[in-house]
Amino acid sequence: MKAKTKTNIKKIISLVILAVLASLAFIPLYWMVATAFTQPSLTMKFPPDIIPKNPTLQNFKDLFERKIIFRWTLNSFIVAGTVTLAQIFVCAMAGYALAKKKFPGSKVIFSIYIASMMIPTQVTLVPLYILISKMGMVDTYQALILPAIAAPFGVFLMRQFMVSVPTEIIEAARIDGASEFKTFAKIIVPISKPAMAVLGIFTFMGQWNSFLWPLIVTNTSEMRTLQAGLSLLQEQVPMQYSYLMASATYSAIPMIIVFLAFQKYFLKGITVGAIK
Amino acid sequence: MEQIPVKPIKRKTTLKDVWKGRSGYLFILPHFALFAIFFLVPVGWGMYLSMFKYNVFSQTFVWFDNYKRILSDWLFLKSLKNTFIYTFGVVPLWLGKALLVTVLIYPFRKSIQTFFKAAFYLPHVTSTVIVSMIWLWVFNPNFGLLNYFMSLLGLEPVVWLGRSLTAMPSLIMMQVIMGGGSTIVLLSAAMASIPEYYFEAATLEGASSWVIFRKITLPLLKPTILYSLVMGTIANFQTFSNIYIMTSGGPEFSTTTVAYLIYETAFKNYNLGLASAMSMVMFAILVVLGIIQFKWLGSNVEY
C-alpha cells in the first residue's frame, strides 16, 4: 500500500514537471494566436491582456487586403508540393538501387550520400547561387525547386527502409517475368508506402519552413515563399505586432494541420535511420 | 546505355560487372544526376572559390589569402566564438531536457506518452521564422510577455535582445524552450526498446531511480544520445534564421554567428570568395567536432 502511494506521488510530480516544460513552449504559441485577435491599439499597453478583450478579426482582414500574401502561399504550395512529389519518386528509385541492386560503385555512392548529410548548407550556398545565376534561373520556381530535390537525406531514408524488404519477393517477381520497372512499381512501391509517407511529410515540412535559400534566390516580392515573405513583413512593419502575429498564425496553420493529421508518421518517422 | 562514371574500387570489377549492374545505375540516375549538379559540384566549386578574390570587380586566384585574412579577422573569430557559445549552450540543455522528459514519461500509458511527445514536437513544426517573430514580441522590452512575467515576480524589466550581455543568453533560452522535440521522440523510441525486466530486476534489487538511470538507462541510450549530439551540433552550428529576424547579429556583433556572417559577406558585401573560405572553415570545425564526439562517447551509431 505504501509503495503504491509512493509511485502515485512520483507520477504526480512527473506530470507536473512535464506539464510545466510543455507549457513553456506552448505559451509563446498561444501568445501568437491571442495577439493575432487583439485590437491593434491594445497591443501597446502594459500589463498586456492575457486573454484579448473584445477580440477582433481586423488583423486578418488587414492581412488579406495585402493580396501578395496569397501569392506567397501559392508559391509555398507549388515549391513544397513539387519538391515533395519529386523527392518521393527519385529517392525511392535511388534507395531501391542502393538497397537491392548490386552494381560496381554502389558502396562508394552510398558513402558519398551519408557524408553529404553532414555538410552544412553554408558550404554549397555561395557556389549554388553562382551556378543558379549562370543558368539564368535566379527568381524562378526552378531555382527554388531543383536544388531541394537534390538533397541527400531522402535517399538515405529510403535505402534504410528498403534494406529490410525481403529479396525473395523481388526475385519471385523477376522470375515471373516482370520487367525491372514493373517490379519496382508493383512490388517495391506498395511495400514502401510507410517510408514514402514519412519522407513526404518531412520533405513538405522542411520545404514549407525553408527560409535561407528562398531569401537568397528570389529578388522580387512575387517569387517569395511564405517564410521569406513573412520576414519582409517583419522588416516593413516591425512594430505592428497584432498584424505580424496574424500573419504568423496564418502561415503556421497549414503545418500544424498537417502535423495533427499525420502525427503518427511524424513521431515514427524521426526514428527511421537513427535507431535499429 | 548511359553510365555514371563511377570509379570501381575493387580491381576485379570489369566492364561486364558494370553492364550487369545497369538497372542499378538506371534507378539511381535521376536522383544522382541532380545530386551531382546541385550538391557535389557546388561543394567542389566552393573549395575552389575559397581561393579566389571573387567580387563585382575582380575574380582573381589568390591561393590561401582568404583563409589568412579570415583567420586574423576579429569579426570572423568573434562569430566563431558566438557560434560555439550558442551551440554549446543549446545542445547540452536540449539533451538534458530530452533525457528528463524521456525518463519521466516512460512509466505512463501509451496514450499519455503520445500526448506529451506530440506536445513537445509541436513547436518544431512551426518554422524558425515564425518562432522568431513570436519571440521578438515576447522579448519586447516595453510591452512583451516576458517582462510582464518578470513584473509579476517583482523583477525589473530586462532589455533582452538590446544588450550585448543578455542577447545571446536570450536566444539560447528561446531555442532550449522551443526545441528538443525530435530528440525526445528519438530517445523515447530507444528507451522503449530496452527490455522492461532490466528495470524490474534493478528495482527488485533495491536500486534507486538515480542508480537505475546512471547504470542502465544512460549506457543503453548512448548510441541515440551520440546521434542527437552530432545532429544537434551540426544543426545549431548553422543557426541563421533567428539571428536574421531577431537581432541582425547585434548588438555590437554579440549574436553574429558564422552562418549569419557568411550570409552578410556573400550577399550583402558580395565577397563570394571570402564567404566560401568561411564556410570551409566552418565545415572543417564541424568535422573535427564530430570526430571528438564519436571518440568521447566511444560507441558507434549504426547506420
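The values are calculated or read from the model by the stated rules, or taken from the named source; none is laboratory data. Predicted, not measured: the structure shown is a model, and the values here were computed from it. Cβ placement follows ideal geometry from the backbone for every residue including glycine, while neighbour counts extend to all protein chains displayed.
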Residues in segment A:39-51: is at least one among the basic types (Lys, Arg), surrounded by fewer than 18 Cβ atoms within 10 Å (Cβ to Cβ) and at the interface with chain B (Cβ under 10 Å from one of its Cβ atoms)?
yes
Across segment A:111-138, which residue is surrounded by the most Cβ atoms within 10 Å (Cβ to Cβ) among those that are among the β-branched types (Val, Ile, Thr) and more than 22 Å from the chain's Cα centre (by Cα)?
A:VAL126
Near pairs, Cβ below 6 angstrom, 6+ apart or cross-chain, from segment A:59-78 (among the aromatic types (Phe, Trp, Tyr)) to any residue that is assigned to a helix (DSSP H, G or I)
A:PHE60/A:ALA246; A:TRP72/A:LEU226; A:TRP72/A:GLY229
Flag for A:ALA99 being buried (at least 19 other Cβ atoms within 10 Å of the Cβ), at pLDDT 95 or above, within 22 Å of B:LEU26 (Cα to Cα) and more than 7 Å from every other protein chain (Cβ to nearest Cβ):
no
Hey, could you check segment A:33-63 for residues that are touching a Phe, Trp or Tyr at 6+ places or on another chain (Cβ under 8 Å) and assigned to a helix (DSSP H, G or I) and say which is farthest from A:THR249 (Cα to Cα)?
A:PRO40
Please identify the pairs in which a residue from segment B:104-127 that is more than 7 Å from every other protein chain (Cβ to nearest Cβ) has its Cβ atom under 8 Å from the Cβ atom of a residue that is part of a loop (DSSP other than H, G, I, E, B), counting only partners at least 6 apart or on another chain.
B:GLN113/B:TYR106; B:HIS124/B:GLY179
A:THR84 passes all but one of the listed conditions (1) at pLDDT 95 or above; (2) touching a Gly at 6+ places or on another chain (Cβ under 6 Å); (3) more than 17 Å from A:LEU199 (Cβ to Cβ); the exception is number (3)
Which one of B:VAL91, B:VAL185 is facing another protein chain (nearest Cβ under 8 Å) and among the hydrophobic types (A, V, I, L, M, F, W, C)?
B:VAL185
If you go through A:ALA172, A:ALA195, the only one that is away from chain B (no Cβ under 14 Å), crowded, with 21+ Cβ neighbours inside 10 Å and at pLDDT below 90 is A:ALA195
Just the residues that are small (Gly, Ala, Ser) and crowded, with 16+ Cβ neighbours inside 10 Å, please, taken from segment B:196-221.
B:ALA202, B:ALA207
Is at least one residue of segment A:120-141 more than 10 Å from chain B (Cβ to nearest Cβ) and of a type in the set (Val, Ile, Thr)?
yes
Would you confirm whether or not segment B:60-73 contains a residue that is at pLDDT below 90 and among the hydroxyl-bearing types (Ser, Thr, Tyr)?
yes
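Condition check ((1) at the interface with chain B (Cβ under 7 Å from one of its Cβ atoms); (2) touching a Lys or Arg at 6+ places or on another chain (Cβ under 7 Å); (3) surrounded by fewer than 21 Cβ atoms within 10 Å (Cβ to Cβ)) across all residues:
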position	(1), (2), (3)
A:SER221	no, no, yes
A:ARG224	no, no, no
A:SER231	yes, no, yes
A:MET239	no, no, yes
A:TYR250	no, no, yes
A:ILE257	no, no, yes
A:PHE262	no, no, yes
A:LYS268	no, no, yes
Could you say which residue among B:ASN147, B:ASN142 is exposed (fewer than 13 other Cβ atoms within 10 Å of the Cβ) and either assigned by TED's automatic domain parsing to the domain that holds B:TRP94 or under 17 Å from B:GLY89 (Cβ atoms) (or both)?
B:ASN142
Mind listing whichever residues of segment B:222-246 are over 17 Å from the mean Cα position of the chain (by Cα) and either buried (at least 21 other Cβ atoms within 10 Å of the Cβ) or among the charged types (D, E, K, R) (or both)?
B:LYS222, B:ILE245, B:MET246
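Would you check if there is a residue in segment B:1-15 being more than 30 Å from the chain's Cα centre (by Cα), within 13 Å of another protein chain (Cβ to nearest Cβ), modelled with pLDDT under 90 and part of a helix (DSSP H, G or I)?
The answer is yes, given that some residue of segment B:1-15 is more than 30 Å from the chain's Cα centre (by Cα), within 13 Å of another protein chain (Cβ to nearest Cβ), modelled with pLDDT under 90 and part of a helix (DSSP H, G or I).
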Count - residues of segment B:74-90 that are touching a residue at least 60 places away in the same chain (Cβ under 8 Å) and under 10 Å from B:ILE172 (Cβ atoms)
5
In contact (Cβ under 8 Å) with a residue 40 or more places away in the chain, assigned by TED's automatic domain parsing to the domain that holds B:ILE243 and within 21 Å of B:ILE112 (Cα to Cα), is that true of B:VAL185?
yes
Which numbered condition trips up A:SER23, out of (1) more than 7 Å from chain B (Cβ to nearest Cβ); (2) polar (S, T, N, Q); (3) closer than 21 Å to A:LEU63 by Cβ?
(3)
Please determine whether any residue of segment A:234-250 is in contact with a helix residue (DSSP H, G or I) (Cβ under 6 Å, 6 or more places away or on another chain) and aromatic (Phe, Trp, Tyr).
yes
Would you please list the contacts, defined by Cβ atoms under 6 Å and residues six or more apart or on different chains, that run from a residue in segment B:241-269 that is outside any helix (DSSP H, G or I) to a residue that is among the charged types (D, E, K, R)?
B:PHE253/B:LYS78
